[in-house]
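Before any comments, here is the structure.
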Amino acid sequence: MKKVLLLTQMIIFGLFLIFTASVASAKDATVAPCIECHNEVSPGIVKQWQESGHSKAGVLCYACHEAKENDPSGFEHEGYKVTAVVSPNYCSSCHPRAVKEFKESMHDEAGLFSLSAYGVVEGEEVVGNVTFGQTKNYKTHFSRESAEGGCLDCHGTVIKVGKDGTLINWPNVGIGRFNPDGSVGSCSVCHTRHVFSVAQARKPETCGNCHLGPDHPQREIYEESKHGNLVAANGEDYNWTAPAGQWGPEDVEAPTCAVCHMSGFGGAVKSTHNVSARLKWELEPVFSWPTEQKYQAGKEKYPIPPKIAQRYEKIHNLPAGSLKEVPTGGPNPFATAKKFAPDVYKAYVGPGKWWEKGETRLDAFGGEALRSPDAKREDMVAVCTQCHSESWASGDLAKSDAVIDVYNAVVLAIKKKYYDPIKKEKLDEGVKFNGKSEADNLWHEIWHHEGRIWRMGGFMQGQDWQHWEGAYEVADDGSHMADIYEKLKLRKAVKEKLGLK
Amino acid sequence: MKKVLLLTQMIIFGLFLIFTASVASAKDATVAPCIECHNEVSPGIVKQWQESGHSKAGVLCYACHEAKENDPSGFEHEGYKVTAVVSPNYCSSCHPRAVKEFKESMHDEAGLFSLSAYGVVEGEEVVGNVTFGQTKNYKTHFSRESAEGGCLDCHGTVIKVGKDGTLINWPNVGIGRFNPDGSVGSCSVCHTRHVFSVAQARKPETCGNCHLGPDHPQREIYEESKHGNLVAANGEDYNWTAPAGQWGPEDVEAPTCAVCHMSGFGGAVKSTHNVSARLKWELEPVFSWPTEQKYQAGKEKYPIPPKIAQRYEKIHNLPAGSLKEVPTGGPNPFATAKKFAPDVYKAYVGPGKWWEKGETRLDAFGGEALRSPDAKREDMVAVCTQCHSESWASGDLAKSDAVIDVYNAVVLAIKKKYYDPIKKEKLDEGVKFNGKSEADNLWHEIWHHEGRIWRMGGFMQGQDWQHWEGAYEVADDGSHMADIYEKLKLRKAVKEKLGLK
Amino acid sequence: MKKVLLLTQMIIFGLFLIFTASVASAKDATVAPCIECHNEVSPGIVKQWQESGHSKAGVLCYACHEAKENDPSGFEHEGYKVTAVVSPNYCSSCHPRAVKEFKESMHDEAGLFSLSAYGVVEGEEVVGNVTFGQTKNYKTHFSRESAEGGCLDCHGTVIKVGKDGTLINWPNVGIGRFNPDGSVGSCSVCHTRHVFSVAQARKPETCGNCHLGPDHPQREIYEESKHGNLVAANGEDYNWTAPAGQWGPEDVEAPTCAVCHMSGFGGAVKSTHNVSARLKWELEPVFSWPTEQKYQAGKEKYPIPPKIAQRYEKIHNLPAGSLKEVPTGGPNPFATAKKFAPDVYKAYVGPGKWWEKGETRLDAFGGEALRSPDAKREDMVAVCTQCHSESWASGDLAKSDAVIDVYNAVVLAIKKKYYDPIKKEKLDEGVKFNGKSEADNLWHEIWHHEGRIWRMGGFMQGQDWQHWEGAYEVADDGSHMADIYEKLKLRKAVKEKLGLK
């Protein structure tokens, strides 16, 4: 392992030497003062950099930290103009393809969901209690104070520069962070500073830093899966340091997140920083549909196979045709941003801005994002078949596809039979907390937590997650929703009958 | 570590060379074509095999994949008759003792719980919505589409061969899989193909691939325990590759699942693939009793110690004698299979079949399974005392035994006081979802989730799991069950009084 | 790594040789018989000791296991007077500073919370069903039988010596264990016998052995954080064996629990075994306040910032001033012990006893515990700035401080608006289980589980835990509490109106 590491480092070193020779020579004079002082005040940073590929290739502090001319986050520091917010624009100088691919991925829109957190900042003052596209009158305790270390730690804040040069909504390394230089994102959330280790970025804990918990437990599902099981058991013997684009089945016995979603894996497919490039389905909305333009726009509904639809209509005593199809589209974070945080929208969307066009997600991302769901699936299967037969891989994914159909039918049944009537008859108006009734929160958990677990568990071989934390929990919460409907109806009837308030 | 590994590999290599010399020579001609082609289409498999003990011992592809004559899964492939379903019958050719021990373990019956999943397949068509021994009229969304990637991924499917030779209910590596050749099980679920690493099989993640989640979180409990804590902290320095039967306290500082439940651990006891061989208690049914024939049959009840019974009768205001004893027996998966999936039952149970006799579990397994609970406990203590004093080990297990008595009393109290009356008075008939009422699901979670956690946490030093996820949750759900009973009674009375529906 | 390990071991070896030369020589005669016999009956222990620093320094069995004269746990064993309960008093002979620092930490009072478990033992007989300072009439199934393997496994039991010399409430290594020799604590819970590895004690799993689960999931929060993510990904390459007091940023890329809470980390601050020394806040009580004497005593209330108080008064329609401040103080385990387990209190508190004085926690611990919250925070920031800029570290902690204010306001609102009225109007008297109503358990979970997660998640960069398992769950349970209040009021009104019981 040590030898492989050494060899790899030498190769990288060589490549970087050629590439950065001129850069390095120009900045040499600036190394000593940075290092000298920071070795005293923050020795950990210096030590991390010394272990990095950057260090070995002569990429010095100032190569990344020299503030660009139009970057409001730049400030004078010991005679140099530097920035602490090293954005994708900066990384792009040497890694343009990675940044372009990132820009085509769904990662790039994570910040849009947190956009309106900006809405609460007027100048440097918090003036409201608003997050996530909700109006300023929305009654919630998910305030910016709490959301900043919660949601926005992953999704990203809107970094502003205060009058005195201090950074507002900082520190933050959310993957969809809005940077003062007009860019979006943060490379260092996965490539942790100041080592920027490719090995670390390939390990499951890195993705699992954000992809875990009740609303998207990919980390837990992966750890349960045979793939995760193998990496946990033997990963210490894998070769994690193969150069980018050269990692393959000869290096690892079982895949991590990066293998299936990013790596070329021995040339099976094009390697990419677009983590969405091989995803056939939308697994996060209320209902699921293929990642196609026509469904994304919400103009067309997505069908449930008749046999499955009819089965669940019968089980739940719903009229024929009730479960024919699910609604698609949205939420469209670009529209939300336009409405609730127009100044941020304007700063980042438009000609010459980060997003040239921002009507819908696929629209804004274009490129790879517009490929057909089947083409995306083909790429995934190409990775699988490096270690599995084609029939095994396709068979397993076909099982997962069928889970989507069942999910769509069951959750639509809950909605039509219980939740819609509760809302239509306004049965839950009287008893809310934090702006939500029991029924509201339950419905949210059914699709946003348990429903995603059911669907994601299905695709990543997390059997326990799929069943007990997913399908079973939806069934249990279906029984709760049924009882809430019964309770609220009876409560209303009794109050009317007895003249109680 | 590298040296130990090398030495071990050399020893294994030597042993295998002697054993497999003739086999290898006969098949040599078949290596080249398998490897040559699969190195192109699925290089990961080839690389895994190259790292395996099999490879080093000259055990080539065809030694395992040559279809036996009477195996319907065999098919012509490039001039050879091969199978993808390498069942325990195949592994038994070289590893007969391991397969025999597996057959005597509870692992071997995992598939019986999923047997009726077969019931939904007529020819190659799904015709119903039935799983787990439930009738075809049972209203549930735990359909085969969802169950296959959920429950059956661990428990095993019934693999069928379609008219065109394609495998149905495939892929699957569930430990209780029904194979087309008349055998049950899948060795590769723990000995992951194609490395078949003994080191991996000894690591906790391997067992934790299935033994986790709300209904049997042995993985989480172990990870919490001091044992799991030590393995996580220092396991990378352990010797994981000692030859089978020679692993002991000189190799590992703390035990994994395999140490306590399978290993001879330095000669303390006989090593075994019967993972149930050292288990004194049934911890999975509604109530717990010793693993004895008389309780298994359900003809005799298991007593609760009078002091404990009386304490909880008093706490819960139950009549004296209410908590004298718990019912035993069942569920008997053999009886379930006989009733709901008779053709599968006939195919696998009977003279000359996989199970010679299948009236009850202990009956079917015989051998080691019939040893007394105390003899099983003795073996466990023999392992413990490799690192602990006898008084420490016995003291700790005595504490755990006492947890069972408290559990039995408390959960019986909930049943007698609340759940039985709800069902007897049919209070929950009106509001069900997926065939179950709130009360049904709650009762299920009390014994099947929280109750198991309470009991298993007690035996594996998972203090937090035992208390907060186990005992506390049972108490909390007891309060919910009490309230549901009150709610349903009142609901009924009010409706009657006011003439509401 | 091997070289570093070797060098470190040599240094430790040298130091110990000088220190223990006389000790070792005096006991040499006793080695052979201990080892000889225990190598047969418990070889794991011997092997562990052989790998220990103790072994290398010539610290033999009897150096630790020779019973002190006044220790009732001592017994004759093969001609030697030994004890199995090697208490902090014993460790203190060679490690006096560590024991002193432990004594000043909150770890030292963990046993006080389990003190009354002693109350159930009269002589050697369990006579009641009492735990945790509750009266003997308290109706609960958290009996000693269950609590011993649950709560007390971490908190510690009261070890008693029976008439025949057998140890009662044993085995136990809870960190706040009451030892027969009059001391409190158990060093081996973190420094696992018999290796006593500094590397293991520095790894996150060690602290996570107790600090996990719904009521204090520091382990899970850490594993989610970027810090935990890095250690999981690359920790195998860190230097874990630097001598005590010499561990620093050159050894590890990211911190474990021990780095932030104990290590001097490259001289940034004084290293300590007082794990509370850098904690500004009380995060475990119902509400949070700074770790100051005046709040601990409960005589002064802690304010909520007016802007935040007013925001939540408005959101929850509470009268102005409702959320002005939170109550402080308690629970005071010394007072609880005095009342419910007076004999244990007397045995351990008083002049010449383990605690000289035991009116309140800070009072009893004195020393470092009495430093101002700001001084504690300064120490923490000093550790952070070994790898982060001061503005980054302070900015991040300021975000966390703000979470406390929001938490205090939101949970006080739930209490004032729903839970207090339920209790005041005695609405939940009729339907209890295990001594608690649904509302009681819900309130308990709001502050004791979800509320701690919200607060702890905020401070340890566990974004998902902070939001989804913390803040969101409090919101959801707020909606449940609101509904319970509505339900119980209506239930009462309907019963009165209709003359139902």
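May I ask you to list pairs of residues, at least six apart or on different chains, whose Cβ atoms are under 6 Å apart, with the first in segment B:46-66 being at positive phi and the second being of a type in the set (S, T, Y)?
B:G58/B:T20
With respect to C:Q200, determine if the residue is facing chain B (nearest Cβ under 9 Å) and of a type in the set (S, T, N, Q).
Answer is yes for this residue.
Let's see how each residue does on (1) under 30 Å from A:G435 (Cα atoms); (2) more than 14 Å from chain A (Cβ to nearest Cβ); (3) touching a strand residue (DSSP E or B) at 6+ places or on another chain (Cβ under 8 Å):
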site	(1), (2), (3)
C:N317	yes, no, no
C:P342	no, yes, no
C:G350	no, yes, no
C:T360	no, yes, no
C:P373	no, yes, yes
C:D379	no, yes, no
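Need the failing condition index for C:G176 against (1) in a loop (DSSP other than H, G, I, E, B); (2) facing chain B (nearest Cβ under 10 Å); (3) under 18 Å from the mean Cα position of the chain (by Cα); (4) in contact (Cβ under 8 Å) with a residue 40 or more places away in the chain, just the number.
So C:G176 meets the others, but not (2).
Picking from C:E284, C:E253, C:E300, C:E292, which residue would you name as being within 14 Å of another protein chain (Cβ to nearest Cβ) and farther than 17 Å from C:A201 by Cβ?
Going through C:E284, C:E253, C:E300, C:E292 in turn, the sole match is C:E253.
Name the residue that is surrounded by the fewest Cβ atoms within 10 Å (Cβ to Cβ), counting only residues in segment C:36-82 that are more than 18 Å from B:N234 (Cβ to Cβ) and polar (S, T, N, Q).
Per the criteria, the residue is C:N70.
Would you pick out the residues in segment C:319-333 that are more than 14 Å from chain A (Cβ to nearest Cβ) and buried (at least 21 other Cβ atoms within 10 Å of the Cβ)?
Within segment C:319-333, C:V326, C:T328, C:P333 meet the criteria.
Quick one: how many residues across segment A:36-56 are more than 14 Å from every other protein chain (Cβ to nearest Cβ) and farther than 30 Å from A:F178 by Cβ?
Count: 2.
Give me the residue from segment C:219-253 that is small (G, A, S) and within 20 Å of B:G228 (Cα to Cα) and, out of that set, surrounded by the most Cβ atoms within 10 Å (Cβ to Cβ). Talk me through it step by step, then tell me what you get.
Of segment C:219-253, the ones small (G, A, S) are C:225, C:228, C:232-233, C:235, C:242, C:244-245, C:248.
From the residues that got through so far, the ones that are within 20 Å of B:G228 (Cα to Cα) too are C:228, C:232-233, C:235.
Details: C:G228: 27, C:A232: 22, C:A233: 25, C:G235: 18.
Here the answer is C:G228.
Residue pairs, Cβ under 8 Å, 6 or more apart or interchain, first in segment A:429-446 and more than 7 Å from chain C (Cβ to nearest Cβ), second assigned to a strand (DSSP E or B). List them.
Correct list of pairs: A:H444/A:K436.
Can you confirm whether A:V259 is at pLDDT 95 or above and outside any loop (DSSP other than H, G, I, E, B)?
Numbers: at pLDDT 95 or above: yes; outside any loop (DSSP other than H, G, I, E, B): yes.
In short, yes.
If you scan segment C:242-255, which residues turn out to be touching a His at 6+ places or on another chain (Cβ under 8 Å) and not hydrophobic (A, V, I, L, M, F, W, C)?
Once the filter is applied, which keeps residues that are touching a His at 6+ places or on another chain (Cβ under 8 Å) and not hydrophobic (A, V, I, L, M, F, W, C), segment C:242-255 yields only C:P255.
Quick test of your reading of the structure: B:T135 fulfils all but one of (1) assigned to a loop (DSSP other than H, G, I, E, B); (2) modelled with pLDDT under 85; (3) surrounded by 22 or more Cβ atoms within 10 Å (Cβ to Cβ). Name the failing condition by number.
Only one criterion is unmet by B:T135, namely (3).
How many residues, within segment A:56-111, are within 21 Å of A:E368 (Cα to Cα), of a type in the set (D, E) and modelled with pLDDT of 95 or more?
Selection size over segment A:56-111: 1.
Take segment B:187-242 and flag every residue that is free of Cβ contacts under 8 Å to residues at least 60 places away in the same chain and among the aliphatic types (A, V, I, L, M).
B:V189, B:A199, B:A201, B:L212, B:L230, B:V231, B:A232, B:A233
Does segment C:221-231 contain any residue that is within 12 Å of chain B (Cβ to nearest Cβ) and not aromatic (F, W, Y)?
Looking through segment C:221-231, at least one residue is within 12 Å of chain B (Cβ to nearest Cβ) and not aromatic (F, W, Y).
Given the structure, is C:A393 more than 27 Å from B:Y419 (Cβ to Cβ), within 10 Å of chain A (Cβ to nearest Cβ) and without any contact (Cβ under 8 Å) to a residue 40 or more places away in the chain?
Yes: the conditions hold for C:A393.
Could you tell me which residue of segment C:256-281 is farthest from the other protein chains (Cβ to nearest Cβ), considering only residues that are surrounded by 21 or more Cβ atoms within 10 Å (Cβ to Cβ) and of a type in the set (D, E, K, R)?
My answer is C:R278.
Going through segment B:463-501 one residue at a time, which ones are touching a residue at least 60 places away in the same chain (Cβ under 8 Å), farther than 20 Å from B:F287 by Cα and more than 7 Å from every other protein chain (Cβ to nearest Cβ)?
Across segment B:463-501, the qualifying residues are B:I484, B:Y485, B:L488, B:K489, B:K492.
Which is touching a residue at least 40 places away in the same chain (Cβ under 8 Å), closer than 22 Å to C:A475 by Cβ, crowded, with 22+ Cβ neighbours inside 10 Å and within 8 Å of another protein chain (Cβ to nearest Cβ), of C:V406, C:V411?
Details: C:V411 fails: within 8 Å of another protein chain (Cβ to nearest Cβ).
Every option except C:V406 fails the conditions.
For C:A309, indicate whether it is out of contact with any Pro (no Cβ under 9 Å at 6 or more places or on another chain), touching a residue at least 40 places away in the same chain (Cβ under 8 Å) and among the aliphatic types (A, V, I, L, M).
So C:A309 fails the test.
Quick one: how many residues across segment C:179-220 are assigned to a loop (DSSP other than H, G, I, E, B), over 15 Å from C:V86 (Cα atoms) and of a type in the set (D, E, K, R)?
2
The values are calculated or read from the model by the stated rules, or taken from the named source; none is laboratory data. All values derive from a computational prediction rather than experimental measurement. Here Cβ is always computed from backbone atoms with ideal geometry, including for glycine, and neighbour counts include all displayed protein chains.
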